[in-house]
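Reading through the structure tokens given below for one structure.
Every read-out reported here was derived from the displayed coordinates using simple, explicitly stated rules and does not represent laboratory data. All of these numbers come straight from a predicted model, not from anything done at the bench. Here the Cβ positions follow ideal geometry from the backbone for every residue, glycine too, while neighbour counts run over all protein chains shown.
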Amino acid sequence: MSDLVIETKKLTKIYGEQTAVNSVNLHVKPGRIYGLLGRNGAGKTTIMKMILGLTPITSGEVDVFGQNIKGHEKRIYPRIGAIIETPGFYPNLTGTENLEIFAKLRGTPQPNAVKNALEVVGLPYKDKKLFSKYSLGMKQRLGIANAILHDPELLILDEPTNGLDPIGIAEVRNFIKNLSVERGKTILISSHILSEISLLADDIGIIDHGVLLEESSMDELEKKNRKYIQLQVSDIPKASLILERQFHVTDYAVQDEHNLRLYDTALDMAAINKALVVQDVAVISSQICNDTLEDYFKQITGGAGIA
Amino acid sequence: MLKLIQVEFLKLRRRKFIWLMLLAALFMPLAAVFYFSSVKGTGVDPIMFYKWTAFSYTPWIILPVVLGMLCTMLMYNENQYDMLKQLWIVPVNKMAYFFSKFAVVLVYSICFMLVTATASILTGVLSGYIPFDSESVLYLLRKCMEISLLTAFAVLPVLAVAAAQKGYILPVCLTLIYTFLGFILLMVNMYLHPLSSMTAIVMYDIPGVVFDQPLNIPAAFLCIGVWAAASAVLANVALVRRK
């Protein structure tokens, strides 16, 4: 049996003629935060819905805790807490009353489960404010409280920081991190905000147009992101000629009419600078840089960046 | 299942429209006060009075329309606020979910007919049209119970359609068509439509009621049963598809 908490094999979803998710192989390891990163409409929510059995799978397989969710709902669902899209609640009830309904349905054994869950997300217990009067941020927090209410082993959070203010985002990020670090929860989180994923995730999956382009740990990704020397000069053609002829540099890329990148960071920059200046190429700047996750995202999606 | 039913009632907190709809139970008893004052006067047979207040338009039109609206409200709200996916991952069994809604409809139907019965007694006795007679009161309560239970089962098709729809327009239109069709079919074939079958079962022993078709109580129960079973199947298919 696989030791993965979630494993998808060639997971595919087709709506009419549109392929929303194409042959996705996802591997979520226990106790880790897996960040699913992609633009809006990339297929993140559809993948999460298929994992949860909320939408039929066109082809492929999903295993959660080593089992296919279909037919094992009663055993698997109590081990999962989830927010999919904007969480909906009964508008005529307060936050506490809404959570009490879910606690009752789940048969949550802890007497203070509702109070504890609300405390974790910073919402008041037994408050008289109705859900219909909640701000978007409060609704999102209540959704997270509902997801953690029954102390699940696995959390599936679809864009949980949507609608939160910057302080709220930081708070949610911290308690998601704490849930993983202190309580060993496995978390699958999706976002279109790159900084969120880079600050939270241990493992990352980059999805674009329904295709999982990359899946690796953040550590591997950081190693993979190439170091380079960013050189800003007055005359790119002339500088290129000097680099190729005099220093035999071939691994470089011209960015625009004044910038080029040298991917061999062991080059003798003092000698290069001197040679360029001597041959009337002004060196405006030269520095060692590292590709950011955004650069990497652009590179592998072959398009514009992400927020 | 019991937990689900309890939860269904918890969800109805602060829903004023649910209480407002109960006012419809007072319509026929109040109308009777004006009718009997102008037409019949005092000294009316209690059964005749109750026939007018509780056994006529209330089971034929008012109660089915009110229950149809309730079915629509119960299903529409969860769709509107995108609650179903949260319920399915609890997990909540789809048939148990459907029947917990039905339990609310059934309890509401009983309450509605009890309000009608109470209002009938009060308006009749207080206005002096009928004497207070325990035998007729028990008869009224028994008939009201029969009406409430059978009507709740008879509106199961509306509940199933409401479960299959995201919007409320179709279930509301269906409620009206379904109710009036039941009323019309009462005069054509009582055993085709659950509401007309319900009328056949309830009205057969009410004095002064004459049917122009042969009475067949098993056929009436069969009609209600077949429609209820078909509704449950439709609801199950719709809820499974509507993940």
Packing-ranked peptide list from A:157-166, A:104-113, A:172-181, highest mean Cβ count within 10 angstrom first, is A:157-166, A:172-181, A:104-113
Here the whole-number average of other chain Cβ atoms within 10 Å per Cβ of B:7-16 is 4
Sequence order, the stretch B:166-177: Karplus ³J(HN,Hα) from phi using 6.51 cos²θ - 1.76 cosθ + 1.60, θ = phi - 60°, Hz rounded, Gly and Pro as x, gives 7, x, 10, 5, 4, x, 5, 4, 4, 4, 5, 4
Here the relative contact order (percent) of the stretch A:226-290, from C-alpha pairs under 8 Å and at least 6 apart, is 53
Relative contact order as a percentage, chain B, C-alpha pairs under 8 Å and 6+ apart, gives 26
Most fluctuating of B:LEU174, B:LEU156, B:LEU63 in the GNM of chain B (C-alpha, under 10 Å) is B:LEU174
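Can you give me the relative contact order of the stretch A:6-223 as a percent, contacts being Cα pairs under 8 Å and 6 or more apart?
30
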Set A:LYS126/B:LYS101; B:LYS16/B:LYS101; A:LYS9/A:LYS44; A:LYS126/A:LYS185, cut-off 20 Å on Cα-Cα distance; pairs above it are A:LYS126/B:LYS101; A:LYS126/A:LYS185
Listed by chain and number, the residues whose amide H is under 5 Å from that of A:VAL211, excluding neighbours fewer than 5 places away on the same chain and using placed H, are A:ASN22
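Let me know the mean shielding of B:82-95 by other chains, meaning the per-residue number of their Cβ atoms within 10 Å of its Cβ.
6
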Taking the stretch B:45-242, the equivalent ellipsoid from its C-alpha gyration tensor has semi-axes in Å, biggest first, of 33, 19, 13
Treating only Lys and Arg (+1) and Asp and Glu (-1) as charged, each at its beta carbon, one finds that the protein assembly as shown has a dipole about its Cα centre, in Debye to the nearest 20, of 1600
Cα pairs beyond 32 Å in the protein assembly as shown, in percent, come to 59
On each of the three principal axes the extent of the alpha-carbon atoms of the stretch A:183-307, given in whole Å and largest first, is 60, 29, 22
What the Cα atoms of the stretch A:108-250 span along the principal axes, largest first and in whole Å, is 76, 30, 29
Answer in debye to the nearest 20: the dipole magnitude of chain B about its Cα centre, from +1 Lys/Arg and -1 Asp/Glu charges placed on Cβ, is 1160
Simple SL model, points at 7 angstrom along Cα→Cβ for A:ASN259 and B:ARG14; separation in nm is 5.3
For A:LYS238, the lysines lying under 30 Å Cα to Cα, once residues fewer than eight places off in the same chain are dropped, come out as A:LYS227, A:LYS274, A:LYS298
Toy charge model, Lys and Arg Cβ at +1, Asp and Glu Cβ at -1: the stretch A:226-290 dipole around Cα centroid in debye, rounded to 20, equals 160
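Using only the C-alpha atoms of the stretch A:226-290, find the volume of their convex hull and express it per residue in Å³.
Per-residue hull volume (Cα only) is 71 Å³.
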Of B:SER136, B:SER197, B:SER148, the most mobile residue in a GNM of chain B (C-alpha springs, cutoff 10 Å) is B:SER136
Per the charge dipole of the stretch B:45-242 (beta-carbon charges, Lys/Arg positive, Asp/Glu negative, Cα centre), the residue among B:TYR129, B:ALA230, B:ALA164 reaching farthest to the positive end is B:ALA164
